Amino acid sequence: IMFENKKEATASAYRVQIVDTLSAVFDSETVKFGATSHSGINYKWKMERNGNVIKWDIEGIELLPNITPPEGEGFVSFSVELKKDLPSGTKIENAATIVFDMNPPIQTNTWTNIIDLIEPKTVMNPIIYSGGDDKITVSCSSSDNTQGSGLNRFLFFASVNYGPFTLAGESFHSS
């Protein structure tokens with residue numbers, strides 16, 4: 001979770017508090033707090049989990065206004081496992097709230113992923129090749145389920161005379 005004391009701020013932030021309420025798809029018992037941007041003997045983070053709510057609190061951070069980035073930037077990190085046996089199509093969403101000193105809470109952007117356990121279907125079209133040519137034309141068509149993550153790109157591999165397969169080309173379009 002990244003945070004920033006905006007360059008328009010009139011003073012350094014003395015206290016930063018971050019609260020993340022995990023959705024029901026996460027196994028909150030598996031939360032592990034990770035690295036923070038401001039660590040060392042001068043920084044004392046208070047990190048705690050209460051049920052599905054995780055919280056970081058630091059006083060004395062003296063986070064400068066971010067006039068010359070990254071001087072006014074910071075982050076906290078954590079890991080958490082998903083609950084077992086979530087079905088394909090399950091949305092995984094997460095957002096946090098950040099409070100600088102006594103200012104109103106700021107909501108972070110929501111991070112969204114979708115579990116996609118159903119592989120896309122790809123059909124290769126017949127290869128066009130004439131004897132003696134050193135080039136061939138390949139094409140395919142693909143589709144993904146309606147709740148799938150979609151298709152990003154196609155990687156084509158080729159083998160010459162039964163040798164090892166090597167990357168022959170890449171496309172971001174089918175057919």
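Considering the stretch 58-94 alone, what residues qualify as being touching an Asp or Glu at 6+ places or on another chain (Cβ under 9 Å) and within 28 Å of residue 119 (Cα to Cα)?
Across the stretch 58-94, the qualifying residues are 80, 81, 82, 83, 84, 88, 89, 94.
Let me spell it out: the conditions are (1) over 30 Å from residue 147 (Cα atoms); (2) open to solvent by 50 Å² or more (accessible area, probe 1.4 Å); (3) modelled with pLDDT of 95 or more, and residue 39 meets all of them except one. Which number is the exception?
Failing condition for residue 39: (3).
In the stretch 9-36, which residue that is open to solvent by less than 30 Å² (accessible area, probe 1.4 Å) and of a type in the set (A, V, I, L, M, F, W, C) is nearest to residue 79 (Cα to Cα)?
Checking each candidate, the answer is 31.
Based on what the data block shows, is residue 126 free of Cβ contacts under 8 Å to residues at least 40 places away in the same chain, more than 21 Å from the chain's Cα centre (by Cα) and more than 27 Å from residue 26 (Cα to Cα)?
Details: free of Cβ contacts under 8 Å to residues at least 40 places away in the same chain: yes; more than 21 Å from the chain's Cα centre (by Cα): yes; more than 27 Å from residue 26 (Cα to Cα): yes.
When the stated conditions are applied, residue 126 passes them.
Suppose the filter is in contact (Cβ under 8 Å) with a residue 40 or more places away in the chain and either surrounded by 10 or more Cβ atoms within 10 Å (Cβ to Cβ) or outside any loop (DSSP other than H, G, I, E, B) (or both); does residue 89 pass it? It would help to see each step written out before you state the result.
Details: in contact (Cβ under 8 Å) with a residue 40 or more places away in the chain: yes; either surrounded by 10 or more Cβ atoms within 10 Å (Cβ to Cβ) or outside any loop (DSSP other than H, G, I, E, B) (or both): yes.
Answer is yes for this residue.
Only one residue in 81, 73, 29 is under 19 Å from residue 93 (Cα atoms) and under 20 Å from the mean Cα position of the chain (by Cα), so which one is that?
None of the other options fit; the residue is 81.
Of everything in the stretch 102-118, what is out of contact with any Pro (no Cβ under 8 Å at 6 or more places or on another chain), open to solvent by 50 Å² or more (accessible area, probe 1.4 Å) and not in a strand (DSSP E or B)? Give them in sequence order.
Filtering the stretch 102-118 down to residues out of contact with any Pro (no Cβ under 8 Å at 6 or more places or on another chain) leaves 102-114, 116, 118.
When the remaining residues are screened for being open to solvent by 50 Å² or more (accessible area, probe 1.4 Å), the result is 102-107, 109-114, 118.
Residues satisfying the conditions are 102, 103, 104, 105, 109, 110, 118.
Could you say which residue among 164, 105, 126, 87 is modelled with pLDDT under 90 and on the phi < 0 side of the Ramachandran plot?
Numbers: 164 fails: modelled with pLDDT under 90; 105 fails: modelled with pLDDT under 90; 87 fails: modelled with pLDDT under 90.
Exactly one residue qualifies, and that residue is 126.
The values are calculated or read from the model by the stated rules, or taken from the named source; none is laboratory data. This structure is a prediction, so every number in the text was calculated from the model and none was measured. No Cβ is skipped: glycine too gets one built from the backbone with ideal geometry, and neighbour counts run over all protein chains shown. For the accessible areas, the whole protein counts, side chains as well, though only heavy atoms, and no ligand, DNA or RNA atoms are used. Shrake-Rupley method; radii C 1.70, N 1.55, O 1.52, S 1.80 Å.
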